[in-house]
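The values are calculated or read from the model by the stated rules, or taken from the named source; none is laboratory data. All of these numbers come straight from a predicted model, not from anything done at the bench. Here Cβ is always computed from backbone atoms with ideal geometry, including for glycine, and neighbour counts include all displayed protein chains.
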Amino acid sequence: MVEKDLRGLFSIEGKAALVTGAGSGLGRAIAVAYAQFGARVSCVDISVKDSEAVCDEINKNGGDAVAIVCDVSRSEDVRRAVEVSLGAFGAIDILVNSAGIGMRSTAEDMTDVMWDRVLDINLKGTFLFCREVGRHMIERGEGGRIINMASVGGVVGLETGNANYCASKGGVIAMTKTLALEWAKHKILVNAVAPSHTRTALIEKLMEQKPEVKEYFLNNIPLGMLAEPVHIVGPAIFLASEAASFVTGHTLIVDGGHTAR
Ligand SMILES: NC(=O)c1ccc[n+]([C@@H]2O[C@H](COP(=O)([O-])OP(=O)(O)OC[C@H]3O[C@@H](n4cnc5c(N)ncnc54)[C@H](O)[C@@H]3O)[C@@H](O)[C@H]2O)c1
């Protein structure tokens, strides 16, 4: 018997991907990598400048990308973003929800605004894109992949003033499992990636201002270093590819050993 040639197992060539938060950090790294791997990419971000910059970089390097400005916490914006993406590429095979923010405070001083804004973007925004793209994938009938950016903060507690952030990421993990169950019959695989602290705009400034926070992050990571965005790219390619075709409802923890303790 001739074995199936498995060398294309990790391919996403020709797929259409929509990445939120594509203007910076993890979303940017994933958008650029997906394009390098032959996917067409809708780069969604609230920042006009950053979404256009990543899109320009991809197109300049022979890729195929469109920039879409959208606030993920507003359902009208999300509906329009999906429409624009479908207008550009005709379908969405892969959705990556990476848009996210942090607003730190000890719980006793946390304001309603800090709680609501973080939950609105990190959790509701992720749901709104899952719902809108899920509707498209169900109607199209060809399955799909959804990858939600969680965090180790959704798995274990953090001691850096993150009650709102950790609640949002725990919510993302729970929602990911539920959507995986609801949409398994449509062959839509829904997974999450939970990185530990990764060197991006989200935490760079904080670490500059508070070296003790950087110390805390490093002490929690057995590999002894912060993650770089590129460390999250491989898992995001894996979960989008045929190699992960029996993986759904899973949270892939990418944390240098943080949660192994
Ligand atoms: N950096 C880390 O240490 C780390 C660790 C674990 C999880 N994460 C998660 O990874 C994801 C990406 O974070 P990052 O580190 O790349 O941060 P980042 O700040 O570098 O990038 C986040 C992007 O999201 C965009 N964004 C923010 N609010 C938005 C909104 N309302 N609508 C649309 N876009 C919006 C920003 O403009 C930015 O381009 C987030 O969900 C974050 O919680 C980050």
Of all residues in the range 100-145 being within 16 Å of the ligand (Cβ to nearest atom) and of a type in the set (D, E, K, R), the one that is nearest to Glu159 (Cα to Cα): Arg104
In the range 190-232, the residues that are farther than 20 Å from Ala260 by Cα, buried (at least 19 other Cβ atoms within 10 Å of the Cβ) and of a type in the set (Val, Ile, Thr): Val190, Thr200
So Ser85, is it modelled with pLDDT of 95 or more, of a type in the set (Ser, Thr, Tyr), within 16 Å of the ligand (Cβ to nearest atom) and assigned to a helix (DSSP H, G or I): yes
Some residue of the range 147-170 being surrounded by 16 or more Cβ atoms within 10 Å (Cβ to Cβ) and farther than 22 Å from Thr200 by Cα: no
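The rows are residues; the columns are (1) in a strand (DSSP E or B); (2) touching a strand residue (DSSP E or B) at 6+ places or on another chain (Cβ under 7 Å); (3) among the aromatic types (Phe, Trp, Tyr).
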{"residue": "Gly157", "(1), (2), (3)": "no, no, no"}
{"residue": "Thr160", "(1), (2), (3)": "no, no, no"}
{"residue": "Tyr165", "(1), (2), (3)": "no, no, yes"}
{"residue": "Ser168", "(1), (2), (3)": "no, no, no"}
{"residue": "Ile173", "(1), (2), (3)": "no, yes, no"}
{"residue": "Thr178", "(1), (2), (3)": "no, no, no"}
{"residue": "Leu189", "(1), (2), (3)": "yes, yes, no"}
{"residue": "Ala194", "(1), (2), (3)": "yes, yes, no"}
{"residue": "Val213", "(1), (2), (3)": "no, no, no"}
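Scanning the range 139-155 for residues that are part of a strand (DSSP E or B) and touching a residue at least 60 places away in the same chain (Cβ under 8 Å), which turns out farthest from Val213 (Cα to Cα)?
In this case the residue turns out to be Arg145.
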Flag if Lys15 is more than 16 Å from the ligand (Cβ to nearest atom) and over 20 Å from Asp64 (Cα atoms): no
Counted residues, the range 4-56 - those being without any contact (Cβ under 8 Å) to a residue 40 or more places away in the chain, of a type outside the set (Gly, Ala, Ser) and assigned to a helix (DSSP H, G or I): 9
Number of positions in the range 59-82 that are part of a helix (DSSP H, G or I) and within 15 Å of the ligand (Cβ to nearest atom): 8
Residue in the range 171-189 that is surrounded by the fewest Cβ atoms within 10 Å (Cβ to Cβ), counting only those that are within 14 Å of Ser245 (Cβ to Cβ) and among the small types (Gly, Ala, Ser): Ala184
Considering residues of the range 88-99 that are within 13 Å of the ligand (Cβ to nearest atom) and of a type in the set (Gly, Ala, Ser) only, the residue farthest from Asp120 (Cα to Cα): Ser98
Failed criterion for Ala53 (all others in (1) more than 17 Å from the chain's Cα centre (by Cα); (2) at negative phi; (3) more than 13 Å from the ligand (Cβ to nearest atom) hold): (3)
Any pair with Cβ under 6 angstrom, 6 or more apart, that starts in the range 241-261 at a residue that is under 16 Å from Leu6 (Cβ atoms) and ends at one that is part of a loop (DSSP other than H, G, I, E, B): Ser241/Phe10; Ser241/Ile12; Glu242/Leu9; Ala243/Leu9; Ala243/Phe10
Scan of the range 182-226 for residues that are more than 16 Å from Gly102 (Cα to Cα) and touching a His at 6+ places or on another chain (Cβ under 7 Å), ordered by number: Asn191, Asn220, Ile221, Leu226
